[in-house]
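Peer 1: Would you mind keeping the following structure in view while I ask a few things?
The values are calculated or read from the model by the stated rules, or taken from the named source; none is laboratory data. Keep in mind the model is a prediction, meaning the values are calculated, not measured. Cβ placement follows ideal geometry from the backbone for every residue including glycine, while neighbour counts extend to all protein chains displayed.
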Amino acid sequence: MGYRALTTPQGVEGAFEGSKSLFAVLKLAVPMLLYAVLIAGIKWRTTDFTYTVLPSFGFYLSTALYMGLFAWWLGRYKIWWVAAIAVIFPIVIFAIFEIGFRVSLPKSFLYETGVLPF
Amino acid sequence: MEVFGDLAGGFATALHPINVAMLFVAVVLGLVIGVLPGLGGTSGVAILLPITVFIAHGSLPGSDTTTAIIFLAGIYWGALFGGVITSILFNIPGEPWAVVLLFDGFPLAKRLGKPGLALASSFVSSFLGALVSTILFTFFALPIALKALEFGPAELFAVFVLSFATLIGLGAEAPMKSLAMLALGLLLAAVGFDTITGEQRLNFGQVSLLSGISFVPVTIGLFGIGEILASAEEQGIGYVENISARLGLTDVFEAIRELRKRLRLVLSNAIIGFFFGVLPGHGATAASFLGYGLARQYSSNKENFGKGEISGIMGPQSAADAAGVASLVPMITLGIPGSPTSAVIMAGLFIWGLQPGPVLFIQHPDFVWGLIASIYLGHLLTFILCLLAVPLLAMIMRVPYAIITPFIVVISIIGSYSLNNSILDVFITVIFGLIGYWLRKMKYPLAPLVVALVLGDSTERELRKALIAGHGSPLYFFNSGLSTVLLLAAVVLVLIPLVRTIRARRRGVAPPAAVAHP
């Protein structure tokens, strides 16, 4: 009964309109999860040492990758448009939040080593 | 009349340059949020909530908590108006309360070729509905608050229980589902520290869960990300047709003439919408459906409904906007949100360091009356902007999906991160986004979850204070007449769906859906 309660919507229409709509959702959900993981990075903690499995890419690099990927993959834009989107959006966000509202968003591993300013 | 003096003081606050400027920004943002199909009023307010922390603490010259509430409420007003534009022009509702506009708004625009008249009718009736509701707000708020100041823990707990009961009894979805969501919300609210003894609980030994599950990341996930995922399915199915979005002065005058013919309907719907909005629950969405039903029932030409009848636009619109405004009334006076959006605004008050409820009227009269005055100004501003900027707003629909969708995700993640600078909150947002999407699919209502999450701590505190005062005896709640009545009313409300089902069974028909809710 528990399983049925979880999977049966009480309505006339079904949960999904075929596999197409399921893929439409997955296309959005999977990159979103990867995006969140990319911002945070993955660290493996043992008692005496912390291994970095995936270095933290920080907010700005991840956003550039994420928005660029969408423009390239779903939008099918020309490559310079993709590049422009990937560059312009993070810069605008940096200007509004980091400078305007003084919100410090997560920085990348390159920031920690002093290679990049974000 | 003391009210007029207070209101005048409120206008003095609301007309402060920074407040007017932020109201303008908020209304424009709200209109944009309203037009975008993947972003609703609740998620829009939730995403922008972290920014208001900086506004409230004076990041902008001259800004304070009043500026912050004016900003948040302004987004709501913009979204209330903006959601209908895409319903009427493109047959795509921008907001849940704009769904009814598909019945008559779109046919009037498309089939009868009068998009300008359809839009103008919607705006004038929204404005009138909101105005009526704001006037009622102005006169009702202070008496309710003064009464509420006399409440002890028993009465307060009874009020909370009553508001939970309305969510179950009057909700649009199955009552058991509302109950389940309510329980989940209370459970999530219990994570962290015990409110009375300060003991750790439900954190599973995790230090990061000690501060509890924050409200804002959960709401951004449930509403923002959940909505984006849900609208992803409709991409490619919907087709944006090119309708001229021009709105001329002649349309406005024609709409006002039509409004005068339907003045009784619009005014009575506004008043009904107000009282409906005061009840905790679905706020504007449920009121808009109710308003449509009433407009149809009392119309002399029922057969015109669904074909572009103007009453089918004006009836729901005035009720929806009235309910939207009214949902702030219990939030400000009792500390109980009337709708999910006002639950988010209430969370904002907590974060800025204010205690929503009757004490606000005593401790921060500038804040309360500034807010009330800004509702008048905000709606006037929204109305004017709508009349001027419809073509611009309609253009937002042309922004490609591949850009706008990830952008909303990015903004949501900034919103959830920046409140506590916590990466855990980002994951909470993403996970609750998936949960919210699945709940939407399975037709679980989100309002009880959100309301229970924001009220959980205060409900528990009042319950335990009352039990301590009564030396552990639950009979303490029946010592006062008021709390007895409120608790009994709560029981009656919960029993409504049950009685309805039994009566329907007796007649041998299937139980009816509570409210027509697509």
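Peer 1: Considering each residue of region A:57-78, count those that are touching a residue at least 24 places away in the same chain (Cβ under 8 Å) and facing another protein chain (nearest Cβ under 7 Å), and give that number. Walk me through it before giving the result.
Peer 2: Narrowing region A:57-78 to residues touching a residue at least 24 places away in the same chain (Cβ under 8 Å): A:57-66, A:69-70, A:74.
Pick out the ones that are also facing another protein chain (nearest Cβ under 7 Å) and you get A:63, A:66, A:70, A:74.
The qualifying residues number 4.
Peer 1: Somewhere in region B:398-411, is a residue closer than 18 Å to A:LYS107 by Cα and more than 7 Å from chain A (Cβ to nearest Cβ)?
Peer 2: Yes, region B:398-411 contains at least one residue that is closer than 18 Å to A:LYS107 by Cα and more than 7 Å from chain A (Cβ to nearest Cβ).
Peer 1: With respect to B:ILE336, determine if the residue is at negative phi, buried (at least 24 other Cβ atoms within 10 Å of the Cβ) and touching a Pro at 6+ places or on another chain (Cβ under 9 Å).
Peer 2: Details: at negative phi: yes; buried (at least 24 other Cβ atoms within 10 Å of the Cβ): yes; touching a Pro at 6+ places or on another chain (Cβ under 9 Å): yes.
In short, yes.
Peer 1: Would a scan of region B:146-155 turn up a residue that is buried (at least 19 other Cβ atoms within 10 Å of the Cβ), aliphatic (A, V, I, L, M) and either under 26 Å from B:VAL325 (Cα atoms) or within 14 Å of another protein chain (Cβ to nearest Cβ) (or both)?
Peer 2: Looking through region B:146-155, at least one residue is buried (at least 19 other Cβ atoms within 10 Å of the Cβ), aliphatic (A, V, I, L, M) and either under 26 Å from B:VAL325 (Cα atoms) or within 14 Å of another protein chain (Cβ to nearest Cβ) (or both).
Peer 1: Out of all the residues in region B:441-461, which are within 14 Å of chain A (Cβ to nearest Cβ) and either more than 30 Å from A:LEU22 (Cα to Cα) or of a type in the set (A, V, I, L, M, F, W, C) (or both)? Quick ask: steps written out before the conclusion?
Peer 2: First pass over region B:441-461, keeping only residues within 14 Å of chain A (Cβ to nearest Cβ): B:441-445.
Passing the criteria: only B:MET442.
Peer 1: Same structure again: What number of residues in region B:283-305 are touching a residue at least 40 places away in the same chain (Cβ under 8 Å) and among the polar types (S, T, N, Q)?
Peer 2: Residues meeting the conditions: 2.
Peer 1: May I ask you to list the residues in region B:419-446 that are over 20 Å from A:VAL30 (Cβ atoms) and either crowded, with 22+ Cβ neighbours inside 10 Å or not small (Gly, Ala, Ser) (or both)?
Peer 2: Residues satisfying the conditions are B:LEU419, B:ASN420, B:ASN421, B:LEU424, B:ASP425, B:MET442, B:LYS443, B:TYR444, B:PRO445, B:LEU446.
Peer 1: Six or more apart or on different chains, Cβ under 8 Å: which pairs go from a residue in region B:166-193 that's in contact (Cβ under 8 Å) with a residue 12 or more places away in the chain and closer than 9 Å to B:PRO497 by Cβ to one that's polar (S, T, N, Q) and not in a helix (DSSP H, G or I)? Could you list them?
Peer 2: So the pair list comes out as B:ALA174/A:GLN10.
Peer 1: So which residues in region B:411-424 are farther than 19 Å from B:VAL45 by Cα and part of a helix (DSSP H, G or I)?
Peer 2: Hits for region B:411-424 are B:ILE423, B:LEU424.
Peer 1: A further question on this structure: If you go through region B:390-410 one residue at a time, do you hit one that is assigned to a helix (DSSP H, G or I), under 30 Å from B:GLY185 (Cβ atoms) and basic (Lys, Arg)?
Peer 2: The answer is no; no qualifying residue exists.
Peer 1: So, one more: For A:LEU110, work out the one condition from (1) within 11 Å of chain B (Cβ to nearest Cβ); (2) part of a helix (DSSP H, G or I); (3) under 19 Å from the mean Cα position of the chain (by Cα); (4) surrounded by fewer than 20 Cβ atoms within 10 Å (Cβ to Cβ) it doesn't fulfil.
Peer 2: Looking at each condition in turn, A:LEU110 falls short on (1).
Peer 1: Still on this structure, I have one more. Considering only region B:500-515, I want to know if a residue exists there that is surrounded by fewer than 12 Cβ atoms within 10 Å (Cβ to Cβ) and modelled with pLDDT of 90 or more.
Peer 2: Taking every residue of region B:500-515 in turn, none turns out to be surrounded by fewer than 12 Cβ atoms within 10 Å (Cβ to Cβ) and modelled with pLDDT of 90 or more.
Peer 1: Additional query: Residues being of a type outside the set (Phe, Trp, Tyr) and at pLDDT 90 or above: count how many of those fall in region B:426-445.
Peer 2: Our first condition is that a residue be of a type outside the set (Phe, Trp, Tyr); within region B:426-445, this holds for B:426, B:428-431, B:433-436, B:439-443, B:445.
Next, only the ones that are at pLDDT 90 or above stay: B:426, B:428-431, B:433-436, B:439.
Residues in region B:426-445 being of a type outside the set (Phe, Trp, Tyr) and at pLDDT 90 or above: 10 in total.
Peer 1: Continuing with the same structure: May I ask you to list the residues in region A:19-33 that are among the hydrophobic types (A, V, I, L, M, F, W, C) and either at the interface with chain B (Cβ under 7 Å from one of its Cβ atoms) or in contact (Cβ under 8 Å) with a residue 12 or more places away in the chain (or both)?
Peer 2: A:ALA24, A:VAL25, A:LEU28, A:ALA29, A:MET32, A:LEU33
Peer 1: Another question, if that's okay. Collect the residues in region B:24-47 that are under 16 Å from B:GLY224 (Cα atoms), within 13 Å of chain A (Cβ to nearest Cβ) and modelled with pLDDT of 90 or more, keeping them in residue-number order.
Peer 2: Across region B:24-47, the qualifying residue is only B:LEU29.
Peer 1: Could you tell me whether any residue of region B:69-83 is surrounded by fewer than 23 Cβ atoms within 10 Å (Cβ to Cβ) and either in contact with a helix residue (DSSP H, G or I) (Cβ under 8 Å, 6 or more places away or on another chain) or among the basic types (Lys, Arg) (or both)?
Peer 2: no
Peer 1: What about B:LEU108, is it at pLDDT 85 or above, more than 22 Å from the chain's Cα centre (by Cα), crowded, with 24+ Cβ neighbours inside 10 Å and not charged (D, E, K, R)? Outline the logic, then answer.
Peer 2: Details: at pLDDT 85 or above: yes; more than 22 Å from the chain's Cα centre (by Cα): yes; crowded, with 24+ Cβ neighbours inside 10 Å: yes; not charged (D, E, K, R): yes.
In short, yes.
Peer 1: Output yes when any residue across region B:120-132 is under 16 Å from B:VAL35 (Cβ atoms) and hydrophobic (A, V, I, L, M, F, W, C), and no when none is.
Peer 2: The answer is yes; a qualifying residue exists.
Peer 1: Taking A:TRP81 as the residue in question, decide whether it is surrounded by fewer than 16 Cβ atoms within 10 Å (Cβ to Cβ), more than 18 Å from the chain's Cα centre (by Cα) and either closer than 30 Å to B:TRP438 by Cα or within 12 Å of chain B (Cβ to nearest Cβ) (or both). Outline the logic, then answer.
Peer 2: Values: surrounded by fewer than 16 Cβ atoms within 10 Å (Cβ to Cβ): yes; more than 18 Å from the chain's Cα centre (by Cα): yes; either closer than 30 Å to B:TRP438 by Cα or within 12 Å of chain B (Cβ to nearest Cβ) (or both): yes.
So A:TRP81 fits the description; yes.
Peer 1: Further, regarding this structure: Tell me the residue from B:PRO337, B:PRO330, B:PRO316, B:PRO356 that is without any contact (Cβ under 8 Å) to a residue 40 or more places away in the chain and either touching a Leu at 6+ places or on another chain (Cβ under 9 Å) or outside any helix (DSSP H, G or I) (or both), please.
Peer 2: One residue alone meets the criteria, B:PRO356.
Peer 1: Kindly list the number of the only condition in (1) surrounded by fewer than 24 Cβ atoms within 10 Å (Cβ to Cβ); (2) touching a residue at least 40 places away in the same chain (Cβ under 8 Å); (3) in contact with a His (Cβ under 9 Å, 6 or more places away or on another chain) that fails for B:ASP64.
Peer 2: (2)
Peer 1: Identify the residue in region A:84-107 that is in contact (Cβ under 8 Å) with a residue 24 or more places away in the chain and part of a helix (DSSP H, G or I) and, among all such residues, is farthest from the other protein chains (Cβ to nearest Cβ).
Peer 2: Checking each candidate, the answer is A:PHE94.
Peer 1: Another one. Being among the hydrophobic types (A, V, I, L, M, F, W, C) and under 21 Å from B:ALA183 (Cα atoms): is that true of B:VAL492 here?
Peer 2: Criteria met by B:VAL492.
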